[in-house]
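K.L.:
Take a look at the following structure, please.
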Amino acid sequence: MGRHREFDVDQALDAALCVFWRKGYEGASYTDLTQATGVERPALYSAFGNKEALFRLALKRYYERFLDFFPKALEQPTSRQVVESMLRGAAELHTRFQDRRGCLGIHGALVGSDDVEPIQHALIEARADGEASLRARLERAREEGDLPATANCARLAGFVMTVLHGMAVQAKAGFDRATLDGIVDQAMMAWPS
């Protein structure tokens with residue numbers, strides 16, 4: 001019979017998510033993780049496996065709990081509303097928490113040694129999936145006449161994702177919500193009508 005866990009797995013996962021969000025995958029040490037979760041290393045291993053497995057669970061939770069604005073934005077009636085909703089949602093999220101600004105996925109992929117290549121690939125794939133979803137929505141908008149027939153949906157989706165990712169980096173560097181909202185205003189001026 002296994003030992004009864006003496007900690008709440010969900011609370012520990014939430015605490016680990018915050019550490020990874022603040023420090024990135026490589027920047028988060030086991031000491032950081034054990035201090036934040038209040039769980040000793042052997043118990044963390046037992047509950048979650050290794051650091052990579054813990055990060056992947058934290059990333060999944062991040063996408064479910066914090067990036068919910070992205071799929072909701074895809075449901076907006078016009079391409080302009082889709083994009084503005086995404087950008088405004090990102091501006092809000094990137095500045096919501098003073099102790100973990102920016103985006104877990106972006107910060108986790110920016111810096112990394114060869115040892116963390118599987119994590120970087122997972123983050124790249126997640127971002128590519130988001131871009132593909134946006135591109136498909138923009139293609140639908142073009143077919144419906146909401147975008148000009150000449151609109152290059154792949155380029156538009158790439159543009160939006162570049163702005164989203166840049167906002168995450170700037171938020172991590174200290175940009176406030178008003179500044180990010182100004183960037184959204186500027187980006188929306190470039191949107192085709």
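The values are calculated or read from the model by the stated rules, or taken from the named source; none is laboratory data. Computed from a predicted structure; not experimentally measured. Cβ sites come from the backbone with ideal geometry, for glycine too, and all protein chains shown count toward neighbours. To get the accessible areas, we keep the full protein, side chains included, count just its heavy atoms, and leave off ligands, DNA and RNA. Shrake-Rupley method; radii C 1.70, N 1.55, O 1.52, S 1.80 Å.
K.L.:
What about E52, is it open to solvent by 70 Å² or more (accessible area, probe 1.4 Å) and in contact (Cβ under 8 Å) with a residue 12 or more places away in the chain? Don't jump to the end; show me each part of the working.
P.N.:
Working: open to solvent by 70 Å² or more (accessible area, probe 1.4 Å): no; in contact (Cβ under 8 Å) with a residue 12 or more places away in the chain: yes.
No, not satisfied.
K.L.:
OK, next. Criterion first (buried (at least 17 other Cβ atoms within 10 Å of the Cβ), of a type outside the set (S, T, N, Q) and either closer than 30 Å to G174 by Cβ or touching a strand residue (DSSP E or B) at 6+ places or on another chain (Cβ under 7 Å) (or both)) does A43 satisfy it? Don't jump to the end; show me each part of the working.
P.N.:
Working: buried (at least 17 other Cβ atoms within 10 Å of the Cβ): yes; of a type outside the set (S, T, N, Q): yes; either closer than 30 Å to G174 by Cβ or touching a strand residue (DSSP E or B) at 6+ places or on another chain (Cβ under 7 Å) (or both): no.
So A43 fails the test.
K.L.:
Here's another thing I want to ask about it. Assuming T150 fulfils every condition listed in (1) at pLDDT 95 or above; (2) open to solvent by 80 Å² or more (accessible area, probe 1.4 Å); (3) under 21 Å from R56 (Cα atoms) apart from one, which condition is it?
P.N.:
The one condition T150 does not meet is (3).
K.L.:
Now, a different point. Among (1) surrounded by 14 or more Cβ atoms within 10 Å (Cβ to Cβ); (2) outside any helix (DSSP H, G or I), where does A58 come up short?
P.N.:
(2)
Rundown of residues vs (1) within 14 Å of the chain's Cα centre (by Cα); (2) touching a residue at least 60 places away in the same chain (Cβ under 8 Å), yes/no style:
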{"site": "E117", "(1), (2)": "no, no"}
{"site": "G158", "(1), (2)": "no, no"}
{"site": "G166", "(1), (2)": "yes, no"}
{"site": "G174", "(1), (2)": "no, yes"}
{"site": "R177", "(1), (2)": "no, yes"}
{"site": "L180", "(1), (2)": "no, yes"}
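K.L.:
Would you tally the residues in region 61-70 being out of contact with any Gly (no Cβ under 9 Å at 6 or more places or on another chain), open to solvent by less than 70 Å² (accessible area, probe 1.4 Å) and not in a loop (DSSP other than H, G, I, E, B)? Walk me through how you get there before you give the answer.
P.N.:
Kept after step one, since they are out of contact with any Gly (no Cβ under 9 Å at 6 or more places or on another chain), are these residues of region 61-70: 61, 64-66.
Within this subset, residues satisfying the condition of being open to solvent by less than 70 Å² (accessible area, probe 1.4 Å) are 61, 66.
In the following step, the residues that additionally are not in a loop (DSSP other than H, G, I, E, B) were identified as 61.
Looking only at that region, the number is 1.
K.L.:
Inside region 141-153, can you point out the residues that are in a helix (DSSP H, G or I) and of a type in the set (G, A, S)?
P.N.:
Applying the first criterion (in a helix (DSSP H, G or I)) to region 141-153 yields 141-143, 153.
Answer for region 141-153, where residues must be in a helix (DSSP H, G or I) and of a type in the set (G, A, S): just A141.
K.L.:
A further question on this structure: How many residues are at negative phi and more than 28 Å from the chain's Cα centre (by Cα) when one looks only at region 140-154?
P.N.:
Taking region 140-154 first, the residues at negative phi are 140-144, 146-154.
Then drop every residue that is not more than 28 Å from the chain's Cα centre (by Cα), which leaves 143-144, 148-150.
Number satisfying all stated conditions: 5.
K.L.:
Oh, and also: Run down L156, L180, L138, L164 and say which single residue is in a helix (DSSP H, G or I), touching a helix residue (DSSP H, G or I) at 6+ places or on another chain (Cβ under 7 Å), open to solvent by 20 Å² or more (accessible area, probe 1.4 Å) and at pLDDT 95 or above.
P.N.:
On the way: L180 fails: open to solvent by 20 Å² or more (accessible area, probe 1.4 Å); L138 fails: open to solvent by 20 Å² or more (accessible area, probe 1.4 Å); L164 fails: open to solvent by 20 Å² or more (accessible area, probe 1.4 Å).
Checking each option against the conditions leaves just L156.
K.L.:
Right, next: Which of the residues belonging to region 93-114 are open to solvent by 60 Å² or more (accessible area, probe 1.4 Å) and in contact (Cβ under 8 Å) with a residue 40 or more places away in the chain? It would help to see each step written out before you state the result.
P.N.:
Restricting attention to region 93-114, the residues satisfying the condition of being open to solvent by 60 Å² or more (accessible area, probe 1.4 Å) are 96, 98-99, 110-111, 114.
Residues satisfying the conditions are D99, L110, V111.
K.L.:
Are any of the residues in region 3-12 of a type outside the set (S, T, Y), under 30 Å from A178 (Cβ atoms) and under 21 Å from the mean Cα position of the chain (by Cα)? Lay out the reasoning, then the answer.
P.N.:
Initial filter on region 3-12 (of a type outside the set (S, T, Y)): 3-12.
Subset that is under 30 Å from A178 (Cβ atoms): none.
No, region 3-12 contains no residue that is of a type outside the set (S, T, Y), under 30 Å from A178 (Cβ atoms) and under 21 Å from the mean Cα position of the chain (by Cα).
K.L.:
Tell me which residues, restricted to region 80-116, are small (G, A, S), modelled with pLDDT under 90 and assigned to a loop (DSSP other than H, G, I, E, B).
P.N.:
Kept after step one, since they are small (G, A, S), are these residues of region 80-116: 85, 89-91, 102, 105, 108-109, 112-113.
Next cut, modelled with pLDDT under 90 only: 105, 108-109, 112-113.
Passing the criteria: G112, S113.
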